[in-house]
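Notes follow the structure.
The numbers here are math on the coordinates, done by the rules we state, and not lab data. Remember, it's a predicted structure, so these values are computed and weren't measured experimentally. Glycine gets a Cβ as well: all are built from the backbone with ideal geometry, and neighbour counts include every protein chain shown.
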There are 2 protein chains.
Amino acid sequence: MNAVTESGKPVLTVLTGDDAPPDMTAVEQDAEVRYTDAAGLADALRGADALFMYQFLSTALPSAWHAADRLQWLHIAAAGVDPVMFPELRASDVVLTNARGVFDDSIAEYVLGQVLAFAKDMPTSLRLQDARTWRHRETERIGGASAVVVGTGPIGRAIARLLRAVGLRVSGAGRRARDDDPDFGTVHTTDRLAECVADADYVVAVAPLTDQTKNMFDGDAFAAMKPSARFVNVGRGELVVTDDLVAALRSGTIAGAALDVFDTEPLPADHPLWTMENVLISPHMSGDVVGWRRELVGVFADNFRRWRAGQELRNVVDKQLGYVPSGS
Amino acid sequence: MNAVTESGKPVLTVLTGDDAPPDMTAVEQDAEVRYTDAAGLADALRGADALFMYQFLSTALPSAWHAADRLQWLHIAAAGVDPVMFPELRASDVVLTNARGVFDDSIAEYVLGQVLAFAKDMPTSLRLQDARTWRHRETERIGGASAVVVGTGPIGRAIARLLRAVGLRVSGAGRRARDDDPDFGTVHTTDRLAECVADADYVVAVAPLTDQTKNMFDGDAFAAMKPSARFVNVGRGELVVTDDLVAALRSGTIAGAALDVFDTEPLPADHPLWTMENVLISPHMSGDVVGWRRELVGVFADNFRRWRAGQELRNVVDKQLGYVPSGS
């Protein structure tokens, strides 16, 4: 099947970041592995059969792509594949796989935590604590509140299941409207986002970033939400027109936002979001529980075994859609 | 049935706090209502048939008790009745009822919020946000974590059900050991508290405050917990030897505490708990969601109708146990 070196092993390039991937021993026994940082990527891609983008947020691939002279397979250690959705890859025969599944339950827990942080006014409690101030307030129930989850992939489904388990009324928003979804019940089409979000206490963004979803949360979308609504983004920053979000939060168009992702990461120190009292910021970590790096390598290593054995790969991305279609 | 005034209506004394109870119209039509603050309580009790302690944390009743010359019924707008468990009331024929049920689901949500705050390291995120600092960390799953809920009344049951719904492994600790509890599965006896808590990632205190439970969380109890354990108190501050808790948190005997109740409330401004980074403090508000005051009055008003009609009262406290026995 795949091309091999004189050693009989394929060449695997691994794009690393600050840290090297753990648990690569089994893979290393069956491939000639080239570890590289972004600067060395083009050299390391020349002659490589496969690329493992362990550094999943890197934007280095497009400019190194010219050197990918015999690449067959690219695996990215992330759920969102938007960093590699450039035209040359899309047009190529290179198979793209991702880490679908690793983050589902962790991100769902994170979203529930942010919902509870808002409902129970936890940021105020912490700020009052830092001021040694005892001030009783009334808080909110989450049971009976409503949430719409925009994005019906596996992470969105895990979010829907968890929010339902604690008593929220949940619906979804995706490409295709339906009333019989096992996790969401009703799924609205994102074409009619303003209708989807109109009654929601919590609007959760977890759609993949594609040409269709980019900037979907704009001033019109926020204007369609209730003034008491909270917006939670665990998808991608580029789903949101950030200036419109800032304006909506400032004007009281919506009540709050919990943001784990941003159109520029790290969020610049002078960005107005940092200092808004109704905003909760976290540094793109919603799915990153202890052990996540080993899980990411595990998903890759499983696919690597399949690739070497000529078996069907898991989590194959539809490069026109920009994500793994459901059921695959 | 109950004694009445010349108007044909019983005398009802209502101990109010900073605010008056809402929705008392129906009650006022069928009783001669005397609203009083703590200073006027003795005068207002003289000749009263019933007392509604809307100000449920007041400690004014024992010193006014001598004036309760014909009191039949005392209703307290709280789940915990410890503020009125003084010997003269216990020895009297006065029927005591409480607000059992009002706080169950709200407090359960609050506990889940604190569990998620620890697991997802939310306090650190907020403090980093205030410093405009982007710092990725790895967090924890709650799915698969273990919790022991100490206190098997209705609030403890609601906590157990909610924590189970999101994937925690839950057991209970109460007066009677059993393996077939519908909410807890296994219930350990609090006599063996050290064994109960040994494996728990989260230890939740929600027992009623009685002679048996006072100071049950002492140095020995904390020493029996895992160094990674978090302690959550939504019961009463006096369940805990606070100095022992502070020592356990300082020494790393346990990893953290979320405290909604304290042996002195408000917590004094110079108390060391305020400034401990692994402590989450809230001002006795875990069950107080919007509408709680109306709900509290609703429970009283329902019992008032029953009392006037000579029907059995709801939520009758066993004054020897110090709480409403299960099943009643």
Of the residues B:Thr13, B:Thr242, B:Thr59, which exhibits the maximal mean-square fluctuation in a Gaussian network model of chain B defined by a 10 Å Cα contact cut-off? B:Thr59
Here Rg/Rh (Cα, Kirkwood) for segment A:1-132 equals 1.17
State to the nearest 20 debye the size of the charge dipole of the protein assembly as shown about its Cα centre, where the only charges are +1 on K and R beta carbons and -1 on D and E beta carbons. 820 debye
Percent antiparallel among DSSP beta bridges with both residues in the protein assembly as shown, to the nearest 5? 10 percent
Length-normalised contact order for segment A:104-281 - Cα pairs under 8 Å, 6+ apart - percent: 17 percent
Starting from the alpha-carbon convex hull of the protein assembly as shown, give the projected area averaged over all orientations, in nm². 32.6 nm²
For the pair B:Leu57/A:Asp130, report the inter-label distance in nm, with labels modelled 7 Å from Cα in the Cβ direction. 2.4 nm
For chain B, what does the relative contact order come out to in percent, with C-alpha contacts under 8 Å and a separation of six or more? 16 percent
In units of 2.2 N^0.38 Å, what is the alpha-carbon radius of gyration of segment B:104-281? 0.99
Exceeding the 18 Å Cα-Cα cut-off - candidates A:Lys120/B:Lys214; A:Lys214/B:Lys120; B:Lys214/B:Lys319: A:Lys120/B:Lys214; A:Lys214/B:Lys120
Measure off 7 Å from each Cα along the Cα-to-Cβ vector at B:Asn278 and A:Ala67, then give the distance between these two points in nanometres to one decimal. 4.7 nm
What share of the DSSP beta bridges in segment A:104-281 is antiparallel, in percent to the nearest 5? 10 percent
Averaging 1/r across every pair of distinct alpha carbons in chain A and inverting yields a Kirkwood hydrodynamic radius, in angstrom, of 21.1 Å
Among A:Gln320, A:Pro87, A:Gly235, flag the residue with its Cα farthest along the positive direction of the charge dipole of chain A, charges on Cβ as +1 for Lys/Arg and -1 for Asp/Glu. A:Gly235
Stretchable slack from A:Lys226 to A:Asp302, in nm (0.36 nm times residue separation minus alpha-carbon distance): 22.9 nm
Which one, B:Pro10, B:Thr124, B:Leu273, projects farthest toward the positive side of the charge dipole computed for chain B from Cβ point charges (K/R +1, D/E -1)? B:Thr124
Inter-copy label distances at B:Gly185 (7 Å, Cα→Cβ; nm, one decimal): 2.9
Could you pull the copy-to-copy label distances for B:Leu321, with points set 7 Å along Cα to Cβ, in nm to one decimal and sorted shortest first? 5.6
Note: A:143-151 gets an average of partner chain Cβ contacts (10 Å, Cβ to Cβ) equal to 1
For the residues B:Val299, A:Val317, what sequence is obtained by ranking on other C-beta atoms within 10 Å, fewest first? B:Val299, A:Val317
Output, in nm with one decimal and in ascending order, the distances from the B:Ala67 label point to the matching label points of the other copies (7 Å from Cα along Cα-to-Cβ). 8.9
Length added when fully stretched, A:Gln311-A:Lys9, from 0.36 nm per residue minus Cα-Cα: 107.0 nm
Once you keep just the Cα pairs under 8 angstrom separated by 6 or more residues, what percentage relative contact order results for segment A:16-63? 48 percent
Just add up the charged neighbours of B:Val316: K/R +1, D/E -1, any other residue whose Cβ is under 12 Å from the Cβ of B:Val316. +2
Chain A, Gaussian network, Cα under 10 Å: of A:Asp199, A:Asp69, A:Asp260, the residue fluctuating most is A:Asp69
Considering only C-alpha atoms, what is the centroid distance from segment B:119-157 to segment A:272-328, in Å? 23 Å
Looking at the axis that maps chain A onto chain B, which chain A residue has the closest Cβ, and how far off is it in Å, rounded to a whole number? A:Ala165, 2
Specify the inter-centroid distance of segment B:32-104 and segment B:158-233, based on alpha-carbon positions, in whole Å. 31 Å
Based solely on its DSSP helices, what 222 nm [θ] is calculated for chain A when runs of n ≥ 4 H residues each add -39,500 (n - 2.57) and the sum is averaged over all residues, nearest 500 deg cm²/dmol? -8000 deg cm²/dmol
